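> Mind looking over this structure? Questions follow.
Please treat every number below as a calculation from the coordinates, not as lab data. Remember, predicted model here, so these are calculated numbers, not experimental data. Methodologically, a virtual Cβ is constructed for each residue, glycine included, from the backbone with ideal geometry; neighbour enumeration extends over all protein chains shown.
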Amino acid sequence: MNQPPSKPYGQGDFVAQAEYFNRRKDLTLVPAEAEPDLVGNSKVDEQDGYYVQAVYGFLPRWRAGLRWEQVGLINDSALPDGTSETCGSSYRTGAMLDFTPSEFSRIGLQANQGSYETAEGSEDVTEVYVQWMVSIGAHGAHKF
């Protein structure tokens, strides 16, 4: 199947990505001042999460994107005394805008809003990043 030709410098390019992950930690406890009688017992932690994002080249050299990520849909700890702890989930949503002035550099702006579960409860956070990325050194030929 023939691909339609790309417009100049990424205009019209669209990329959608998603990923799911799950981790399980099966630990054996080592000496600690807080709970010396638990040494040698096991503790099992399980957590999962995912992200979904999309980036679109709306003009030559300009891209914009949106991202949603969440961790802790499963967020459990099986404790050595037979009890368990469950924590809530954390999430973050973000938007980005970047400009590629040359094939060797990119300037970006990203803003995120999130709600993170901590030991003290839920904490709302706003993040803003300005990035300047520079590629230095040899690289293979590519479309720009």
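> Long-range amide H contacts for LEU79: which residues qualify at under 5 Å (H placed 1.01 Å from N, peptide plane, sequence gap of 5 or more or a different chain)?
Residues meeting the criterion, in which the H sits 1.01 Å from N, are SER84, GLU85.
> Once the convex hull of the C-alpha atoms of region 8-134 is built, how many Å³ does it hold per residue, rounded to a whole number?
144 Å³
> ³J(HN,Hα) across region 55-68 via Karplus (A = 6.51, B = -1.76, C = 1.60, θ = phi - 60°), whole Hz, x for Gly/Pro?
10, 10, x, 8, 9, x, 6, 10, 10, 9, x, 10, 9, 10
> Points 7 angstrom from Cα along the Cβ direction at ARG23 and VAL128: gap in nanometres?
Between ARG23 and VAL128, the label points sit 3.1 nm apart.
> At ALA119 and LEU73, where each label point lies 7 Å from the Cα along Cα→Cβ, what is the point-to-point distance in nanometres?
2.9 nm
> For ASP13, what residues show an amide H to amide H distance below 5 Å, using hydrogens built from the backbone and excluding near sequence neighbours?
When sequence neighbours closer than 5 places are left aside, the close amide H contacts are GLY57.
> Now, a different point. Would you mind computing, in nm to one decimal, how far apart the modelled labels at PHE99 and PHE58 are, each placed 7 Å from Cα along Cα→Cβ?
Taking the two extended label points, one gets 1.4 nm.
> Restricted to Cα positions, what overall size does region 74-126 have along the principal axes? Three whole-Å values, descending.
59, 22, 14
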